[in-house]
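A short write-up of the structure that comes next.
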Ligand code: AMP
Ligand code: MG
């Protein structure tokens with residue numbers, strides 16, 4: 001985890017240095033179990049308010065802290081919600097439906113069982129099946145500010161919370177009059193406006209080499225989120241067990257190393273990148289053709305790179321060992 005944070009930090013800093021010649025204020029801190037860097041053309045006070053907001057979201061959404069608002073819902077099999085938790089859970093429900101349960105915030109029991117990045121357990125099949133029976137996407141609802149969890153479902157918002165936080169942070173900066181900015185919440189990137197009239201160049205993490213990028217994206221006014229099997233994992237007997245779970249309760253095991261999503265909402269980019277990683281390349285491309293509301297880059301274990309049409313002029317591959325699939 002720490003090594004990954006360093007990688008994110010280095011890549012973000014290298015991007016931020018390009019922005020040093022215009023009056024951006026910058027602020028870096030740790031929250032949401034990750035490294036956060038904010039840079040925008042607003043004053044220090046605005047970025048301090050954004051930090052406070054992100055820290056309060058971090059407290060409310062922490063699955064591992066028994067006192068968080070999310071944990072209290074989990075302990076009580078639901079209850080009333082308002083504000084950000086209400087909005088975020090409605091989005092989570094919608095993306096779970098849209099992705100046919102590939103994005104599944106009801107996986108809390110599975111996530112706790114494996115505890116990737118913590119205890120790093122390799123559970124017995126019976127334990128996984130038991131946890132899976134209490135992790136079904138259809139076993140929770142939210143309506144009129146009331147959440148209901150059935151069948152022991154525990155909600156975990158780790159696959160969407162950082163993206164949602166980037167939405168809120170960007171909104172706050174815009175409301176304060178900001179017109180140009182680059183925010184990174186553990187690699188969940190939000191870009192506002194342009195960089196002196198040019199696109200922002202966003203480095204995409206190399207899936208095999210730490211502290212290196214595989215390519216760059218030239219974009220403005222959008223959110224860029226990557227899910228990958230290198231972000232949080234352990235290895236035993238030559239096999240990697242990472243933090244993104246498929247519908248069988250095991251870490252997803254398909255051809256993908258990473259998926260990057262570019263779209264107009266941080267929460268959507270975050271939920272979709274997790275979901276596409278679970279779906280795999282073919283199903284992911286079918287989902288792309290069906291939805292048409294995002295763009296993506298898929299990188300596979302055999303070093304192929306598939307870029308959806310809207311990003312083909314925007315992505316530059318830097319590693320000659322990888323090849324374009326399309
Ligand atoms: P991300 O890095 O955004 O792809 O999200 C991974 C995190 O989301 C994990 O650390 C878990 O907390 C949670 N998670 C794992 N698998 C899923 C899934 N299939 N759907 C939704 N959230 C998941
Ligand atoms: Mg995600």
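The values are calculated or read from the model by the stated rules, or taken from the named source; none is laboratory data. In this text the structure is predicted, and so the values were computed from the model without any measurement. Backbone-built Cβ (ideal geometry, glycine too); neighbour counts: all protein chains shown.
Summary table below
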| read-out | value |
| --- | --- |
| Condition broken by residue 77, with the remaining ones in (1) in contact (Cβ under 8 Å) with a residue 24 or more places away in the chain; (2) within 20 Å of the chain's Cα centre (by Cα); (3) surrounded by fewer than 21 Cβ atoms within 10 Å (Cβ to Cβ) satisfied | (2) |
| Strands (runs of 3 or more DSSP E) completely within the stretch 85-192 that count 3 or more residues being more than 15 Å from ligand 2 (Cβ to nearest atom) and in contact with a strand residue (DSSP E or B) (Cβ under 9 Å, 6 or more places away or on another chain) | 140-143, 146-149, 181-185 |
| Condition met for residue 163 (buried (at least 24 other Cβ atoms within 10 Å of the Cβ) and within 14 Å of ligand 1 (Cβ to nearest atom)) | yes |
| Tally of residues being under 16 Å from residue 309 (Cα atoms) and out of contact with any helix residue (DSSP H, G or I) (no Cβ under 9 Å at 6 or more places or on another chain) across the stretch 262-284 | 2 |
| Any hit, the stretch 172-190, residues being near ligand 1 (Cβ under 10 Å from one of its atoms), touching a helix residue (DSSP H, G or I) at 6+ places or on another chain (Cβ under 6 Å) and not assigned by TED's automatic domain parsing to the domain that holds residue 48 | no |
